[in-house]
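Bear in mind these aren't lab numbers, they're just calculated from the coordinates by the rules spelled out. What you see is a predicted model, and the numbers here were worked out from it, not measured in a lab. Note: ideal-geometry Cβ built from the backbone for every residue, glycine included; neighbour counts use all protein chains shown.
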């Protein structure tokens, strides 16, 4: 049995002095952001042998997630500050008397319960089979009120009944075939969805050393899916909120075809060379469509807060992903080193935008390089260093520019940035060197692990995204940076 609980809170307050214009006198603009995430999960598992050929496993799981986001603003009277310190003092004096409301309020909850059981049986030394049944229940709700976007209100709950059968059949020296089929029944659709899969594994030897190969392919369906809603606040710390919904029976679930190849080679006891490649054809994905929920002046739409069906909130899109990683590891007498290069090519449509073009996936770096090294100093002490660089990210502006501002009435042009061409907005490369010190000590029958991490030791200025400021010639990009050099500590007890 195991359990987990965590709560994370994040917030920020911002102030800016706005000079007098023909429309309003000079004033102090105050803004507040707050975020709150709570998660807990637990599981209990029982397994054992029934006889020399059969084994069983039963597992119960439960989880709960609740998240909230609040964004509000207000104005206060103040004279033009002469310095940043004066601005902070003026904001501190005015803030208690200024109600920070009229912004955005977001709430999301999801609960999941599941009970599964499986029975494994050895038909012969060369053939093993497994069958299993499971039942799950998911309940989720979202509520959003505020400006710029129409209110969102939706709740969904659904049961899933799952059956699966797998096999491991040895067909030759070191060669194993692994067929699998999974069948999921959704009461909300009154339909069972099959997912056939097949894998082939081979272990052997060569003049270069022992090796292992695995090829797999199959059909995969996702029933509880993750969605993204862009934050509309100009100073939002988090650019979007994530939420998860089970199906409500109004729009069919997504599916994808996967193919994967994994290979490993051990030239010597100290060296390991690994390579992996994968491809995903995604003819049906679901994504939140911002187009109908951006407030466009329709007062009736903004005031509507009745529960909506998923077919009114989500749209089906398509995409594909190709990628691979090559990694080399070396370990000898307490010294280790590794390097890895990863390439990712991901394309996807965006609902209601960009004329249905397949665009790079936001946040995905096509190229990434990792370097790691570690040294054991004895008595449970180990030092390590890791460097990671990534290149080629697109969608450089905050997500709200593409998802909200580009759809709002009177948004206007922002030259030289075309909000209908996010693939042309490239971010600079990110690079970070992390240094760590780990101490491992026995603690009775347990193990105590203490770790200190100096992240981004070189204090490299890594750009997360850009905001835009208006200028006489158009718009000027202002970078928002990822955290610079900072310390982190962790304490872990392994039971």
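Using a Förster distance of 41 angstrom, determine the FRET efficiency expected from the C-beta separation of residue 448 and residue 284, and round it to 0.05. Show your work: numbers first, answer last.
Working: r = 48 Å, r/R0 = 1.18.
Using R0 = 41 Å, I get an efficiency of 0.25.
What relative contact order, as a whole-number percentage, does the range 83-137 give when Cα pairs under 8 Å and 6 or more residues apart are counted?
Working: 35 pairs, mean separation 15.2, N = 55.
The normalised contact order for the range 83-137 reaches 28 percent.
If you line up the long axis of helix 84-94 against the longest principal axis of the chain, both from Cα atoms, how many degrees apart are they, to the nearest 10?
Tilt relative to the chain: about 80 degrees.
With a 10 Å Cβ neighbour count serving as the proxy for reagent exposure, in which order, fewest first, do 162, 491, 18 appear?
Ranked by crowding around the Cβ, least crowded first: 491, 18, 162.
Between residue 467 and residue 263, 0.36 nm times their residue separation minus their Cα-Cα distance comes to what? Please report the intermediate quantities before stating the final value.
Numbers: separation 204, 0.36 × 204 = 73.44 nm, distance 4.29 nm.
Between residue 467 and residue 263, full extension yields 69.2 nm more.
Arrange the following residues from fewest to most other Cβ atoms within 10 Å of their Cβ: 105, 403, 289. Write out the running numbers ahead of the final one.
Numbers: 105 15, 403 27, 289 19.
Final ranking by Cβ density, sparse to dense: 105, 289, 403.
Residues of the range 332-348 with the amide nitrogen closer than 12 Å to a label point 7 Å from the Cα of residue 370, along Cα-to-Cβ, please.
Residues 338-343 qualify, since their backbone N sits under 12 Å from the label point.
Can you give the convex hull volume per residue for the Cα atoms of the range 1-62, as a whole number of Å³?
On the way: hull volume 7.2 nm³, N = 62.
So the per-residue hull volume is 117 Å³.
Based on the Cβ-Cβ distance from residue 355 to residue 379, what FRET efficiency comes out when R0 is 45 Å, to the nearest 0.05? Please list the in-between numbers first.
Numbers: r = 63 Å, r/R0 = 1.40.
With R0 = 45 Å, the Cβ-Cβ based efficiency is 0.10.
For a quick check: sort 142, 110, 251 by the number of other beta carbons within 10 angstrom, fewest at the front.
Working: 142 24, 110 21, 251 17.
In order of increasing Cβ crowding within 10 Å: 251, 110, 142.
Quick one: what Rg and Dmax do you get for the range 418-489 from the alpha carbons, in Å?
Both quantities, over Cα of the range 418-489: 20.2, 69 Å.
Tell me, in nm to one decimal, what length is gained between residue 345 and residue 221 on full extension, where the rule is 0.36 nm per residue of separation less the Cα-Cα distance?
Values: separation 124, 0.36 × 124 = 44.64 nm, distance 2.12 nm.
My answer for the length gained is 42.5 nm.
Normalising by the residue count of the range 369-470, find the relative contact order in percent from Cα pairs under 8 Å and 6+ residues apart.
30 percent
Quick check on the chain: what are the equivalent-ellipsoid semi-axes from the Cα gyration tensor, as sqrt(5λ), descending, whole Å? Intermediate values should be presented prior to the final figure.
On the way: eigenvalues 411, 195, 118 Å².
Over the Cα atoms of the chain, the ellipsoid semi-axes are 45, 31, 24 Å.
Which whole-number percent of Cα pairs in the range 144-299 have a distance greater than 25 Å?
55 percent
Using a ≥ b ≥ c from the Cα gyration tensor of the range 234-371 (square roots of the eigenvalues), is it rounded, prolate or oblate, where a/c under 1.5 gives rounded and otherwise the larger of a/b and b/c decides, a/b for prolate? Walk me through the numbers on the way to the answer.
On the way: a/c = 3.07, a/b = 2.38, b/c = 1.29.
Prolate, since a/c reaches 1.5 and a/b exceeds b/c.
Label-point separation (nm) for residue 476 and residue 276, each offset 7 Å from Cα along Cα-to-Cβ?
4.5 nm
Place a point 7 Å from Cα of residue 489 in the direction of its Cβ. Which residues in the range 456-481 have their backbone N less than 20 Å from it?
Inside the label zone: 456-457.
I'd like to compare 420-431, 36-47: which one has the highest average count of other Cβ atoms within 10 Å, and what's the full order after that?
Values: 420-431: 15.6, 36-47: 13.7.
The most tightly packed comes first, giving 420-431, 36-47.
Using 1/(1 + (r/R0)^6) with R0 = 25 angstrom and r between the beta carbons of residue 107 and residue 63, what's the FRET efficiency to the nearest 0.05? Walk me through the numbers on the way to the answer.
Values: r = 18 Å, r/R0 = 0.71.
It comes out at approximately 0.90.
Which value in Å is the Kirkwood Rh of the range 125-189 over different Cα pairs? Provide the component values of the computation, followed by the final result.
Values: mean 1/r = 0.0636 Å⁻¹.
So the Kirkwood estimate lands at 15.7 Å.
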